[in-house]
1. Under the rule a/c < 1.5 gives rounded, and otherwise a/b versus b/c splits prolate from oblate, where does the range 13-55 land using the Cα gyration tensor?
2. Would you mind checking which residues have amide H under 5 Å from LYS78's amide H? H placed 1.01 Å from N; only 5 or more apart, or other chain.
3. Can you tell which of GLY44, ALA72, VAL134 lies farthest toward the positive end of the dipole of the range 37-139, using +1 and -1 charges on the Cβ of basic and acidic side chains (Lys, Arg; Asp, Glu)?
4. Let me check against my output: what whole-number percent is the relative contact order of the chain, with C-alpha pairs under 8 Å and at least 6 apart?
5. Given only helices, namely DSSP H runs of n ≥ 4 each adding -39500 (n - 2.57), what is the per-residue ellipticity at 222 nm of the chain, to the nearest 500 deg cm²/dmol?
6. Roll a 1.4 angstrom probe over the protein heavy atoms and tell me the percent of accessible area of the chain that is carbon or sulfur.
7. Taking the Cα centre of the range 24-139 as origin, work out the dipole magnitude from +1 charges on Lys and Arg Cβ and -1 charges on Asp and Glu Cβ, in debye rounded to 20.
8. Which order do peptides 106-115, 26-35, 71-80, 55-64 fall in by mean Cβ count within 10 Å, highest first?
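The values are calculated or read from the model by the stated rules, or taken from the named source; none is laboratory data. From a predicted model like this one, the values you see are computed outputs, not experimental measurements. Cβ: placed from backbone, ideal geometry, glycine included. Neighbour counts: every protein chain shown. All accessible areas refer to the heavy atoms of the entire protein, side chains included, with ligands and DNA or RNA removed. Shrake-Rupley method; radii C 1.70, N 1.55, O 1.52, S 1.80 Å.
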Amino acid sequence: MPDFPLDPRLVADSYPLTELPLCQLRLMDDTRYLWLILIPRRAGISEVFELSVEDQHQMWREAAMIGKAVKAHRNGDKLNIASLGNMVPQLHLHVIVRHQGDAAWPGPVWGQGAAEPYDKEYLAEVRERVLSIVSGMPF
């Protein structure tokens, strides 16, 4: 799917879902959260300010629209959007639907317990649901 280089850790820890106007949308391999990753298809970018102003706006538009839709779909209590890059320098945004009482609530999801990987059937179900939410969005 990618027409740009992806950090091997992003490939190992997530599944590709679709291509948006700017970003590749991926699903983090952890069933405890609906955890999406947006990766701008721009080589050599590690910080938001390295993107053009137009790309910065587009990345935020994609994150906000998807975040709003999946939060509503999952009846989330909070939406977390973050760009850390301490372990994976390639620019990527985490979009995570949070619920009171989830495995890490109210703290951050990073470093909290062990990931619970998707099985093949549940991955297909979540992938289909996310794609149905995203399809037709006016990015």
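1. prolate
2. ARG98
3. Value: ALA72.
4. Normalised by residue count, the contact order of the chain is 26 percent.
5. Dividing the helical sum by the residues of the chain leaves -9500 deg cm²/dmol.
6. 54 percent
7. Numbers: 13 positive and 14 negative charges, 50 e Å.
In total the dipole reaches around 240 debye.
8. On the way: 106-115: 11.9, 26-35: 19.4, 71-80: 15.1, 55-64: 17.6.
Answer by packing, highest mean first, reads 26-35, 55-64, 71-80, 106-115.
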